[in-house]
Amino acid sequence: MQRVLLDVDTGIDDTLAISYAVRSTELDVIGITTCFGNVSVDQATDNTLHVLEQLEVDIPIAKGEGKPLFHPMHKSYSTHFHGENGLANQSVSRSDKHLPKHASQFIIEQVKKYPHEITIICVGSLTNLALTIMQEPEIISLVKNVVVMGGAVRVPGNNQMHAEANIYADPEAADIVFRSGIPITLVGLDVTMKTALSKKEIQKWKNHNTKVSNFLYEITDYYIDRYRNYYGDRDYCALHDPLAVAVAIDPSLVTIEPMVVSIDLEGLYSYGRTVADLRERCTDKPNVNVCVAVDSERFLAHFLQHIV
Ligand code: RIB
Ligand code: CA
């Protein structure tokens, strides 16, 4: 089993990613760290504890950053997709059952405990990871891999014209991570927007009628409605965060191209854009393994097999 840490801004697709990772036989989720993004970091932490309670598993959770590293918040929370509390407005109680240490401290401890073994799956802003790297650069060479759900390399952004939400939430943090030399696999909108979970599929969760399947059905049904409301033309949602988990489980689900990728920190129209050097003769050393194509059918089949 592969040891993984999840860094989340729990949200609905984060919930699906957590459930998928916890239930997959290939991954051992040794801890979860939380950050701001879809909702505040406090809410993301409560939501994560709530999800683990639904799943009836006990995994250590460490709360992380509540705002970008160097600037005040500029991105609003994604309540239009995830509901006011990030979990489709389901009732979630406040809790302080998280570890009494910061996410970055927890990541450092775990990576040092299991050198070269841990894959970190980041499905929110890269703030916690950037802070971790700043505090303990040694982890760069001790982490096995970082799978990032974020960015849009050859496709438009979602939160902004060119920028994807997780990178846009804290571009300076993403810049630190991308320049650090830590191994990165980028699962961006190039591939996540090619995945789809339909109302028809989740109906089976409802028929399954367990505590977890009903919970996942309710929140995902809401998420698909919000997708239709936003895009106007679809009865499905993309599986952004679950695809990052899938790539950690089985990289053969995607086609990977090593590229030189930078984060735009200046652009008037493209602040937070993942800018790849796509020239035929790029002589710089690639810093990111970019997922450029996905076997969506095989991914969906694996996801559905494990999720409930
Ligand atoms: O752009 C999609 C990403 O933004 C997902 O991780 C979603 O949960 C939000 O954080
Ligand atoms: Ca997320």
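The values are calculated or read from the model by the stated rules, or taken from the named source; none is laboratory data. Predicted, not measured: the structure shown is a model, and the values here were computed from it. We place every Cβ from the backbone using ideal geometry, glycine too, and count neighbours over all the protein chains shown. Areas reflect the complete protein model, heavy atoms only, side chains present, ligands, DNA and RNA absent. Shrake-Rupley method; radii C 1.70, N 1.55, O 1.52, S 1.80 Å.
Taking segment 231-251, which residues are more than 17 Å from L186 (Cβ to Cβ) and within 16 Å of ligand 2 (Cβ to nearest atom)? Of everything in segment 231-251, just one residue is more than 17 Å from L186 (Cβ to Cβ) and within 16 Å of ligand 2 (Cβ to nearest atom), namely C237. Checking each residue in segment 177-211 for being under 21 Å from the mean Cα position of the chain (by Cα), in contact (Cβ under 8 Å) with a residue 60 or more places away in the chain and open to solvent by 40 Å² or more (accessible area, probe 1.4 Å) picks out R179, G181, P183, K194, A196. Between T127, T132, T119, the distinction of being crowded, with 24+ Cβ neighbours inside 10 Å, away from ligand 2 (no atom under 16 Å from the Cβ) and within 18 Å of the chain's Cα centre (by Cα) belongs to T132 only. Taken over segment 30-52, the criterion of being surrounded by fewer than 24 Cβ atoms within 10 Å (Cβ to Cβ) and either in a strand (DSSP E or B) or modelled with pLDDT under 95 (or both) is satisfied by I30, G31. As a summary of the residue check, S296 satisfies the conditions (1) open to solvent by 60 Å² or more (accessible area, probe 1.4 Å); (2) within 19 Å of the chain's Cα centre (by Cα) except for the one numbered (1).
Using beta carbons and a limit of 6 Å, which pairs, at least six apart or on different chains, have the first residue in segment 230-249 and within 16 Å of I120 (Cα to Cα) and the second one modelled with pLDDT of 95 or more and in a loop (DSSP other than H, G, I, E, B)? Listed by first residue and then by second, the contacts come to D241/V123; L243/T195; A244/V123; I249/S24; I249/E26.
Rundown of residues vs (1) in a strand (DSSP E or B); (2) farther than 19 Å from A21 by Cα; (3) open to solvent by 60 Å² or more (accessible area, probe 1.4 Å); (4) in contact with a helix residue (DSSP H, G or I) (Cβ under 6 Å, 6 or more places away or on another chain), yes/no style:
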| residue | (1), (2), (3), (4) |
| --- | --- |
| V247 | no, no, no, no |
| S252 | no, no, yes, no |
| E257 | yes, yes, yes, no |
| E266 | no, yes, yes, no |
| S270 | no, yes, no, no |
| L278 | no, yes, yes, no |
| R281 | no, yes, yes, no |
| P286 | no, yes, yes, no |
| C291 | yes, yes, no, yes |
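Count of segment 145-169 residues, restricted to those that are touching a residue at least 40 places away in the same chain (Cβ under 8 Å) and either within 17 Å of G11 (Cα to Cα) or more than 15 Å from ligand 1 (Cβ to nearest atom) (or both), is 12. Selection within segment 1-29: residues that are in a loop (DSSP other than H, G, I, E, B) and either within 11 Å of ligand 1 (Cβ to nearest atom) or open to solvent by 10 Å² or more (accessible area, probe 1.4 Å) (or both). The member of this set that is nearest to E84 (Cα to Cα) is G11.
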